[in-house]
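Below: the structure, in structure tokens.
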Amino acid sequence: MAREFNQMATHLEDMLERQKRMLSDISHELRSPLTRMQVAVALAENEFGEDHPLCKRISKEAGQLDTMLGQLLALARLESQQSQRYSHFQTSDILSQIVQDAEFEASAVNKHLISEFGDSAPLYGDAQLIASALENILRNGIKYAKQSIAVHANLPDDQSWQLVIEDDGPGVAEEHLTKLFTPFYRTSEARDRDSGGVGLGLAIAARAIHANGGNISAMRSTEYGGLRIEVTLPLHPVS
């Protein structure tokens, strides 16, 4: 039984590795036809005008496909732990720009961003990867919020730093919360199709946080009524 269990574990590991390679290979292979499609769209716009309904529709679909392929490649890199650059940095080094950009995006759609960070904290990891993950989560909150998005940081203990992002949107049903970070998982096909999402944004954010030794969880926001996402990363004081 032990021998069969080990064989099964090895088989599952090989299958997951093949799946990761296939995901990366497909994403790379689709880049070329997508690039040609974008060139064709540009030529069509030159001939018929950018405001032509068909040109606008094709351009929109090509843009969404380009975004999805970019997310797939990012996910494949995270799964294989490629191109990670670790260094010491302060949370203030990444939060200021993220919040500044988020405030601009929120105000553009008549929504309000509330932020509170307190003192900066020392971390060790891939600062760019962590910043991208936090920005992804924050943009998700802005997308589904009705009016308000809140982001605040705290030190839950002497070994970790936590960032909380919550919104006053429709939220997510209890049975879907643990699956939000699964690639391609969507709680509502209609909602995600309208927004252009394919269920990769939060999955990529989760992989990035885990790659830096952190944890991420989702729950209902008791204060705002929508979705609350907590990101926890280990403190790494510089000696």
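Under 14 Å from the Cβ of residue 131, count the other residues' Cβ atoms, weight Lys and Arg +1, Asp and Glu -1, and hand me the total.
Once all neighbours under 14 Å are counted, the net charge is -2.
Hey, what do the phi angles of segment 208-222 turn into as Karplus ³J(HN,Hα) couplings, whole Hz, using 6.51/-1.76/1.60 and θ = phi - 60°, x for Gly and Pro?
Once rounded to whole Hz, the list reads 5, 5, 5, 5, 9, x, x, 10, 9, 8, 10, 7, 6, 7, 6.
Which value, in Å² rounded to 10, gives the accessible area of residue 143 with a 1.4 Å probe and all protein chains present?
Spelled out: residue 143, probe radius 1.4 Å, area about 100 Å².
Quick query: amide H of residue 200 versus all other amide H atoms, modeled in the peptide plane; which residues come in under 5 Å with a sequence gap of 5 or more or a different chain?
184
I need the calculated FRET efficiency for the pair residue 86 and residue 152, taking r as the beta carbon distance and R₀ as 22 Å, to the nearest 0.05.
My answer for the efficiency is 0.25.
What distance in nm separates the two pseudo spin-label positions at residue 217 and residue 34, each 7 Å out from Cα along the beta-carbon direction?
Taking the two extended label points, one gets 3.5 nm.
Amide H to amide H, which residues 5 or more places from residue 227 or on other chains are under 5 Å from it, using H placed in the peptide plane?
For residue 227, whose amide H was placed from the backbone, the distant partners under 5 Å are 167, 169, 171, 221.
Could you list the chymotrypsin sites (Phe, Trp or Tyr not before Pro) in segment 92-179 that lie in coil according to DSSP, counting only those with at most 16 other Cβ atoms within 10 Å of their Cβ?
Of the chymotrypsin sites (Phe, Trp or Tyr not before Pro), the ones in loops of segment 92-179 whose Cβ has at most 16 other Cβ atoms within 10 Å are 117.
Pull up all non-local amide H partners of residue 121: gap of 5 or more, or a different chain, and H-to-H distance under 5 Å with H placed in the peptide plane.
So residue 121 has HN proximity to 91, 92.
Taking 0.36 nm per residue of sequence separation and subtracting the Cα-Cα distance, how much length would be gained by fully extending the chain between residue 107 and residue 46, in nm to one decimal?
18.6 nm
Could you run the Karplus curve 6.51 cos²θ - 1.76 cosθ + 1.60 with θ = phi - 60° over segment 106-122 and give me ³J(HN,Hα) per residue in whole Hz, x for Gly and Pro?
Using θ = phi - 60°, the values come out as 5, 5, 5, 10, 6, 10, 10, 9, 10, 9, 8, 10, x, 6, 6, 10, x Hz.
The values are calculated or read from the model by the stated rules, or taken from the named source; none is laboratory data. Bear in mind that the values here come from a model prediction, so they are computed numbers and not experimental data. Because the Cβ atoms are built from the backbone with ideal geometry, glycine has one as well, and the counts that use them run over all protein chains shown. The area values use the complete protein model at the heavy-atom level, side chains included, leaving out ligands, DNA and RNA. Shrake-Rupley method; radii C 1.70, N 1.55, O 1.52, S 1.80 Å.
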